[in-house]
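Since the structure comes first, as structure tokens, the remarks are kept for the end.
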Amino acid sequence: MKLINPVKSNKSINLNTLITLIIRCIICVFFMAMVGCLLGRLIVFFKADVLFLDWGEDMFYSLKVSASAGTLTGVGIWIKAWLQVRKDKS
């Protein structure tokens with residue numbers, strides 16, 4: 001069976017790909033850190049019956065974590081993809 005409009009695979013690894021990967025990784029890590037902070041507060045609530053939510057502090061912490069971990073993850077994935085394309089060309 002032949003596809004009517006096959007999706008073209010763009011194998012170019014360039015600066016646009018790097019920036020996209022970094023932004024997506026930062027967003028993903030930010031949401032994971034926010035969920036982790038919320039779950040941690042809920043566990044404390046169930047153990048000690050004290051609910052303390054400081055959204056400003058949690059968002060600042062999540063931004064710090066996501067900026068560092070997301071950037072490193074995005075660059076690492078980009079380097080791996082660049083090496084894979086370079087290997088496939090050989």
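What the table below lists for this structure:
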{"item": "Rg over Rh [alpha-carbon atoms, Kirkwood Rh] for the chain", "result": "1.24"}
{"item": "Nearest 10 degrees, 0 to 90: helix 55-89 Cα axis against the chain principal axis", "result": "20"}
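Computed from the coordinates by the stated procedures, all read-outs in this text should not be read as laboratory data. Just so it is clear, the structure is predicted and the values come from calculations on it, not from any experiment.
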